[in-house]
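**Q** Quick one: this structure, given as C-alpha cells, is what I'll be asking you about.
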Amino acid sequence: HGLTTALPTALERGEFFIEYQPLVHLGDGSVRGAEALVRWLHPQHGVLGPDRFIPLAEHTGLIVPLGRWVLEQSVRQAREWRELHGGVGAVGPLRINVNLSPCQLTHPGLVQDTVDILERTGVEPDALCLEVTESALIGANDDLLKPLRRLAEMGVDIALDDFGTGYSNLANLRRLPVSVLKLDRSFTQSMQQFPADPVDLKIVEGIVSLAHSLDLAVTVEGVETGAQAEQLRLLGCDTAQGWYYARPGPPERLHELALADA
Ligand code: G
Ligand code: G
Ligand code: MN
Ligand code: NA
C-alpha cells in the first residue's frame, strides 16, 4: 500500500501538520482551548485527514512517534498561546486537547514522554487534556489504566472521547481516571429540532447529571447550529466544539477567536 510505505518518510520530511478546533464555554461563549487534529500534506494526494492514515499508522507502529510529535507540537502551541494571551481576558490560559490512540496507551514510554514534553516546554500539566476513546477503555485492566492514572495524578486531564457510542457500563466510569466526557456527535445531531425529541433530551439530561455527580465535565462535539448550542447549554453541558463556532484551522485562527471574545 503506497500510503503505508510513505508514512515513515512523511514524518521525517515534515509533511504532517496540525489544525486546531476551539473548545468554547457554553455558559459565556468564551474560547477555553482547542483540540489538536493532525493532517498529512501528501505531495501527490494533497491534504489527507486522520481517517486516511491513523489506522495505517496504528497498524505499522508509526503512531507512537507520530503521536509523540503531535503531542509536542500541540503543547508548544499551547505555550505560545499562553504567552500571547498573557494578561488578556479573565478565563486563564488556553488549554490543549490531544487525541491518544490505543497503541500509545499500551506503549511503555507514554508517561515519561509526556512528562518530558511538559518539562521542555514549561507548560503545566493542567493545561493538557488527553482524549482517549470510550472503546479503547472498555474492559480496560489495571495495566492499561495505570499510565492514565499517573498522568491524572500529575494534573493532566483525561477525556473520554466519543462517549455514548461504546456501550460501556456506566458504573465503570467510577473506575476510570477521567475528568471529562466528550459526548458523541450523535447526541448533538439529535438536538437539531427545537425543541428536541423529549426522549433524546432525557437521555442527555441523564448523562449530564451522572457525569456531574461523578465530578466530570461534559463537552459536546459536532455543534453546528445555535439551537443545538442553546439546548445543550440548558441541559447543563459545560463546553462545546463544532462548526457553529469554527472549523479546525491554523493556530493563528484560534488565537484570533480567543482574542475576539476576551
Ligand atoms: O476532524 P478530523 O477528521 O480531523 O478527525 C477525525 C478523527 O481523527 C477524530 O476522531 C480524531 O480523534 C482523530 N484524530 C485526529 N488527530 C489525531 C491524532 O493526533 N491522533 C490520533 N490518535 N487520532 C487523531
Ligand atoms: O476526536 P474526534 O473524532 O471527535 O474529532 C472530531 C472530528 O469531528 C473531526 O473529524 C472534526 O473535523 C469533526 N467535526 C468537528 N466539528 C464538527 C461539526 O460541527 N460537525 C461535524 N459533522 N463534524 C465535525
Ligand atoms: Mn477527539
Ligand atoms: Na470525538
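Every number in this text was worked out from the coordinates using simple rules, so none of it is lab data. Keep in mind the model is a prediction, meaning the values are calculated, not measured. We place every Cβ from the backbone using ideal geometry, glycine too, and count neighbours over all the protein chains shown.
**Q** What net charge is computed for the residues neighbouring Asp215, neighbours being all others with C-beta under 13 Å from the C-beta of Asp215, Lys and Arg scored +1, Asp and Glu -1? Walk me through the intermediate numbers first.
**A** Values: positive: Arg174; negative: Asp157, Asp238.
Charge balance near Asp215 sits at -1.
**Q** Let me know the shape class of the chain, please: from the alpha-carbon gyration tensor, a ≥ b ≥ c as square roots of the eigenvalues, rounded when a/c is under 1.5, otherwise prolate if a/b is greater than b/c, or oblate.
**A** Cα axes put the chain in the rounded bin.
**Q** Oh, and also: Sort Met191, Met154 by Cβ crowding within 10 Å, fewest neighbours at the top.
**A** Met154, Met191
**Q** Choose one answer from Leu84, Leu94, Leu110: the residue with the largest mean-square fluctuation in a GNM of the chain with alpha-carbon springs under 10 Å.
**A** Of the options given, Leu84 has the highest mean-square fluctuation.
**Q** Moving on. Net charge within 12 Å of Leu235 by Cβ-Cβ distance, Lys/Arg positive one each and Asp/Glu negative one each, not counting Leu235 itself?
**A** -2
**Q** Highest first, please rank the peptides 247-253, 207-213 by the mean number of other Cβ atoms sitting within 10 Å of their residues.
**A** Values: 247-253: 15.0, 207-213: 16.7.
Descending packing order for the listed peptides: 207-213, 247-253.
**Q** Also, quick follow-up: According to the square roots a ≥ b ≥ c of the eigenvalues of the Cα gyration tensor, what is the shape class of region 133-208, taking rounded for a/c under 1.5, prolate for a/b larger than b/c otherwise, and oblate for the remainder?
**A** Cα axes put region 133-208 in the prolate bin.
**Q** Next question, about the same structure. Local charge sum around Asp126 (other residues, Cβ-Cβ under 10 Å, Lys/Arg +1, Asp/Glu -1)?
**A** Value of the local net charge: -1.
**Q** Which ordering of Tyr245, Tyr20 is given by a fewest-first count of other beta-carbon atoms within 10 Å?
**A** Tyr245, Tyr20
**Q** Let me ask something additional. What residue among Ile117, Ile203, Ile54 has the largest mean-square fluctuation in a Gaussian network model of the chain, using Cα springs under 10 Å?
**A** The residue with the greatest mean-square fluctuation here is Ile203.
**Q** Would you mind calculating the relative contact order of the chain from Cα pairs under 8 angstrom and at least 6 residues apart, reporting the percent as a whole number? Write out the running numbers ahead of the final one.
**A** Values: 422 pairs, mean separation 54.4, N = 262.
About 21 percent, as a whole number.
**Q** I've got another one for you. Rounded to the nearest 20 Debye, what is the dipole magnitude of region 2-260 about its Cα centre when Lys and Arg each give +1 and Asp and Glu each give -1 at the C-beta?
**A** My answer is approximately 180 debye.
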